[in-house]
Structures are given as structure tokens and as C-alpha cells.
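Here the structure comes first, spelled out in C-alpha cells, and everything after it is commentary.
The values are calculated or read from the model by the stated rules, or taken from the named source; none is laboratory data. This structure is a prediction, so every number in the text was calculated from the model and none was measured. FYI the Cβ positions are ideal-geometry reconstructions off the backbone, even for glycines, and counts take in every protein chain you see. Accessible surface is based on the protein model in full, side chains and every heavy atom, while ligands, DNA and RNA are left aside. Shrake-Rupley method; radii C 1.70, N 1.55, O 1.52, S 1.80 Å.
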Amino acid sequence: MNGNALRRSPALSLLAAAAALVLIGGLGTLGGDGGDTTPAAPAGEAARAPVERTALVCPEPSAVEEATTDYTSYSPAGDGPAGDSLPGTAALFPIARYTPDTGSGDGDGKDEDGKDDEEGEDAKDGEETEETAEEPAPEPVVESDEPGTPVAATVKAGKATALAGAAEHRVAPGWTVQQSSVVDTESTRGLLGTACQSPATDFWFAGAATVDTRHDYIHLTNPEDTGTVVDIELYGPEGPVETSIAEDGISLPGRSSVAVRLSTLTGEQHAGLAVHVTARTGRIGAQIETVDEQLGADWLPAVSGGTEGRVVLPGIPPDAKTVRLVAFTPGDADLNLSVQLIGPSGTFTPAGNESIFLRSRLLEAVELADITQGEPGSLLLTPEGSVTGPVVASLRVTRGDGSKQEMAFVTGTEPVEERASVSGNLLKGTELSLAAPGETVEARVTWSAGSGGGSAVTEEITVPAGTTVAVTPELPEESEGRYAATVERISGGELFASRTLTMERDKIPMFTVQTLPDDRSRVTVPGTGEDIGILLPDD
């Protein structure tokens, strides 16, 4: 190559430099509107930034006509982009009910009037059904736009549907919605509570049943515009349970929900089942509504955490009458797990229940009786030896005596790595459980203002190593309505948390427990930066 070809004109170099400066000025205008206060990371380095959108789905509440359902929407303050240019909103909208053909019993291809559901065949392959008439846009059931302030809404009996929606910009990080229903009839009673969940493709449950005295419904919600097919697998003490939908699955059109009674999927009766729910395409919500003729009703949420290593189930009430552990491993290896209770004064092994052996894909159930001995606690399952694997576990806890009993579920959950929130707290009858299975943890708890007024309260809490600490809020006298709690891990080891709501009716201690996994409100983004060197010619 001619050496002159490597030499550049000084005039061209000056023009290139001028163009680079103009481009840099343009980048300063296009790079943002000043709404996000997160400092930029140097080029090539990763930074933590708040999420800009969070989606949630809520199952259709109890079908009992006398049930009234409360929703409380909340976004923690101080994490989203600041400024009025990106105010953001959080809203949940109704989702239509759909009745598929499951082969028998409930879900027989009929609508509520007993007419043939012609949409069933059209949606069989997950295709979206064609609408015959344009309908007006639905109004949000609950809507909020201010971080740090909970918003509550009540839906009257018989009018509640499944919900789906999203929060954007400054109300997106940590957005949470609590759904609580009170049922008190001759046939059904209970405080049914659940945190609305992020849509996903894969869910595991432990503790469902198909015996005559149980009426368990798997609620499936599709928030997306396109249809999907959902597969449901059941596992009992003897392994996989044959179902009537093993090959076809359940068709679920876009923007629809369905409740399928588990006993219609199999002719076998099981007092304990593990349930695996997967969506072939898209993302869905999945939760199980459980009604026991003797023990009341509540939601059985999907298990989170426990993919490998130890499993923590936080928040067993001190007055628990019975505690039933249901555990399952979907992995290929058998697991032997030690069983320990993390109490207020330390961790100990319950006599007679020192361990539980899980055979691959075979459900195990253990009655732990009065394991708490009158003190609050959390259950800890730890693999013995070098073999580890996924564990799906939950506790069915009962309180009360005789015909005045009530039940709730505590599931394995992920730790609070940075922050977690729970909404829908009651002015009376709210308690947090904080567990530190390893090292001592320093935590911060913020109780928000109420949906009807009041001010936030913050307290610092030390959770000693190997203990569970019960925290009851001390709220200002002016607090009204429902409020939220935010738990932040400041330092130390792993922190696990749950919240218990208690509402006494006719001497029945109705209660529900929700775990607090990390809210995943911040994500890692690669660092970027301007480098004018790429715009300048080589010397």
C-alpha cells in the first residue's frame, strides 16, 4: 500500500473533531430527561438501576357469593426515577373468565348458563378467539401513582374477577398488591390472602389435595393478548398421577382466566399432592384456592426458592395447633434433609422428627404436631451430606380447636437480599416474622401510612443468628385503612420474612400468611460512556 494513503489531511482531522463535539452535545440531550437519578457507571462497568416496569396478576377471588375482597396496591418510596417527567402509574384491570373442556366435572365446556362454549375449540391450540363486537375499555379496579402511599379498593361479593396490570416508571420498583377475602358461611369460612404474582412460565406447589373433604382449584390467568396452552402435572406418594389432560393441556385464550378443580383431572384421591404448572408459550399466573370442609379456606401459593441447598419456611404462629410438612423433590436424586425449628432463642431439632427422606418425584408428608411449643418459629430444611437438589415444600398450619379451627399455608421462599414489601396489613392483627438461619442480620422495617391517613414509621431490628424475631407494628393513632410493610436487609447473613394477618370471627382465629421474597426492584445494567476516540481519525 502507498505510504501516502496512511497520511491524513489536518483539515479533515479538524472537521472530524468538530463533528464529534456536535455529536456529544446531541447525546447529552437524547440521553434522558433528568428523571432518573441513578448515577451512570463508567464505560464497561455494571450498575444497579431501578426497574421501569413491573407486571402482576391476581387470581379470581373465592366464588362464594358472600365473600368480599379487598385489594391494596403499594410501591415503596425512594427507589424509582424522580421528577414529574416520568410520574408513572400502577393499575390492575379485570380479566374475563373462560371455561375450558377438561373432560369431566367442573370445566365441562359450558358457560355459566349451561350453553356450549364455542370458544373452546377455537382456542384449542392457544389461538386468540375473534371478537364479534368492540367492547369499551375496562376501568381499573385499583390504581395508584404515588410511591409510599397505599391505595385500597373493595370489590363486593360476586363481582370480583381475576386481575392483571402493570406499574411503570417511579411506581414500578417493588410494586406489590395484596388480595384478601373474608368468607364466613355455613359451608366455608376463612381469611383468604395472597400477594398478586409476577407472571411466569413455571410454577410448583406442595400441599394440594383431591380427597372428598377438600375442594382445591388451580386458578390460571393469562394476562397476554395471545392464547396459550397450560400443562398440569400431579405427583403423589407413589409418583406421577395420571390426569385427563396429560397430552392436550388446558387451552387458555388471551386476557382470560380459568379455575379448574383438581379432582376433575384424576379419579385418584390424595391427601397430599405436588402440582407442576407450565405454560407452553407466554407467561401466566397460577395459584391454588384450597377449601377444607373442616379446616376452612386459604390460598396455597407457588413455592419460591429452594432450588438447591437449604429451604426456609418462615412464620409459624406461636399458637399453631398442628403443623403438616409436605415436601417433594423433582430432581433425579434422593435427598435426606435435616429438620430444624428456628425459634426466638435459637435453632433446635424437634424430637422424633430429626429428618425427612425425599425419594425422587415421590411426595412425603410429616405431621410435626405442636412443634412451636407456644413460640413463633420458622422451619429449616438442610441437605445432609453432599447430595443436593431442588426441594418444593410447604406447611399447612392450623389454629383454634374443634369446629373453630382455621388453616393457612407457609411456603418455602427466597431470602430478602435487598428489600421486600407486603401490603394489605390490618391495623389490628398484623405480625412480621424475620428469620436469620445463619449469621446475625441487621434489618430496617418501614410501616407505611394507612390508605386512609397517617404517617410512616421506621424501626431498626437486629435478628440474632439462628433465631426468628416476631415484629408487631406500633402505628400512629391517626393511622387509618390498610397499610404496607417494607423490610430492608442492611447487613449480615441471609434474611427470610413473612407476614401474618389475623381476623377473629365468632371465636375463630381466621388467618393467612404471605412470605416476602426479594422484590427484584433493581437490575444490573452494563455501564456506558461516550468515547470520542471512535470518531477521530488515527494519527
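If you go through segment 466-477, how many residues are open to solvent by 50 Å² or more (accessible area, probe 1.4 Å) and either at pLDDT 95 or above or under 25 Å from the mean Cα position of the chain (by Cα) (or both)? Total meeting the criteria: 1. In segment 271-302, of all residues being of a type in the set (Val, Ile, Thr) and open to solvent by 10 Å² or more (accessible area, probe 1.4 Å), the one that is nearest to Thr329 (Cα to Cα) corresponds to Thr278. The residues of segment 208-218 that are touching a strand residue (DSSP E or B) at 6+ places or on another chain (Cβ under 6 Å) and either open to solvent by 10 Å² or more (accessible area, probe 1.4 Å) or acidic (Asp, Glu) (or both), listed by number, are Arg214, His215, Asp216, Tyr217. Between Val463, Val457, Val487, the distinction of being among the aliphatic types (A, V, I, L, M) and free of Cβ contacts under 8 Å to residues at least 24 places away in the same chain belongs to Val457 only. Filter segment 332-369 down to residues that are open to solvent by less than 20 Å² (accessible area, probe 1.4 Å) and of a type in the set (Val, Ile, Thr) and give me whichever is farthest from the chain's Cα centre (by Cα). Per the criteria, the residue is Ile356. Of the strands (runs of 3 or more DSSP E) lying entirely inside segment 376-430, those containing at least 1 residues that are open to solvent by 10 Å² or more (accessible area, probe 1.4 Å) and either over 28 Å from Leu362 (Cα atoms) or in contact with a helix residue (DSSP H, G or I) (Cβ under 7 Å, 6 or more places away or on another chain) (or both) are 392-399, 419-425. The sole residue among Lys428, Lys404 that is free of Cβ contacts under 8 Å to residues at least 12 places away in the same chain and basic (Lys, Arg) is Lys428. Tell me whether segment 98-111 contains one or more residues that are modelled with pLDDT of 65 or more and part of a strand (DSSP E or B). Within segment 98-111, none of the residues are modelled with pLDDT of 65 or more and part of a strand (DSSP E or B). Of all residues in segment 493-524, those satisfying the criterion of being of a type in the set (Asp, Glu) and more than 30 Å from Asp184 (Cα to Cα) are Glu494, Asp518, Asp519. Residue by residue through segment 158-201, note down the ones that are over 17 Å from Glu146 (Cβ atoms) and among the small types (Gly, Ala, Ser). Scanning segment 158-201 gives Gly158, Ala160, Ala162, Ala164, Ser180, Ser181, Ser187, Gly190, Gly193, Ala195, Ser198, Ala200. Is it fair to say Glu268 is modelled with pLDDT of 95 or more, of a type outside the set (A, V, I, L, M, F, W, C), open to solvent by 10 Å² or more (accessible area, probe 1.4 Å) and more than 12 Å from Ala209 (Cα to Cα)? In short, no. Touching a residue at least 40 places away in the same chain (Cβ under 8 Å), surrounded by fewer than 24 Cβ atoms within 10 Å (Cβ to Cβ) and not in a loop (DSSP other than H, G, I, E, B): does that describe Ala157? Spelling it out, it is not the case that Ala157 is touching a residue at least 40 places away in the same chain (Cβ under 8 Å), surrounded by fewer than 24 Cβ atoms within 10 Å (Cβ to Cβ) and not in a loop (DSSP other than H, G, I, E, B).
Listed here are the residues, each with its yes/no results for (1) out of contact with any His (no Cβ under 9 Å at 6 or more places or on another chain); (2) at pLDDT below 95; (3) of a type in the set (A, V, I, L, M).
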position: Thr129; (1), (2), (3): yes, yes, no
position: Ala133; (1), (2), (3): yes, yes, yes
position: Pro136; (1), (2), (3): yes, yes, no
position: Val142; (1), (2), (3): yes, no, yes
position: Pro150; (1), (2), (3): yes, no, no
position: Ala153; (1), (2), (3): yes, no, yes
position: Ala160; (1), (2), (3): yes, yes, yes
position: Leu163; (1), (2), (3): yes, no, yes
position: Ala167; (1), (2), (3): yes, no, yes
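Once segment 225-249 is narrowed to residues that are without any contact (Cβ under 8 Å) to a residue 60 or more places away in the chain and under 23 Å from Leu163 (Cα atoms), the residue that is surrounded by the most Cβ atoms within 10 Å (Cβ to Cβ) is Val230. Output yes when any residue across segment 437-454 is among the β-branched types (Val, Ile, Thr), assigned to a strand (DSSP E or B) and either at pLDDT below 95 or surrounded by fewer than 21 Cβ atoms within 10 Å (Cβ to Cβ) (or both), and no when none is. Yes, segment 437-454 contains at least one residue that is among the β-branched types (Val, Ile, Thr), assigned to a strand (DSSP E or B) and either at pLDDT below 95 or surrounded by fewer than 21 Cβ atoms within 10 Å (Cβ to Cβ) (or both). Take the conditions (1) in contact with a Ser or Thr (Cβ under 7 Å, 6 or more places away or on another chain); (2) within 17 Å of Ala209 (Cα to Cα); Thr322 misses just one of them, which is (2). Against the conditions (1) surrounded by fewer than 17 Cβ atoms within 10 Å (Cβ to Cβ); (2) assigned to a strand (DSSP E or B), Gly309 satisfies every one except (2). Being in a loop (DSSP other than H, G, I, E, B) and either under 15 Å from the mean Cα position of the chain (by Cα) or under 22 Å from Ser304 (Cβ atoms) (or both): is that true of Glu247 here? No; evaluated as a whole, the condition is false for this residue. I'd like to know if segment 230-250 contains one or more residues that are among the aromatic types (Phe, Trp, Tyr), farther than 23 Å from Ala55 by Cβ and at pLDDT 95 or above. Checked segment 230-250: at least one residue is among the aromatic types (Phe, Trp, Tyr), farther than 23 Å from Ala55 by Cβ and at pLDDT 95 or above.
Results for (1) under 28 Å from Gln178 (Cα atoms); (2) within 23 Å of the chain's Cα centre (by Cα); (3) part of a strand (DSSP E or B), shown as yes or no for each residue.
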| position | (1), (2), (3) |
| --- | --- |
| Asp216 | yes, yes, yes |
| Ala271 | no, no, no |
| Ala286 | yes, yes, yes |
| Ala302 | yes, yes, no |
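In segment 168-198, of all residues being surrounded by 20 or more Cβ atoms within 10 Å (Cβ to Cβ) and not in a strand (DSSP E or B), the one that is nearest to the chain's Cα centre (by Cα) corresponds to Cys196.
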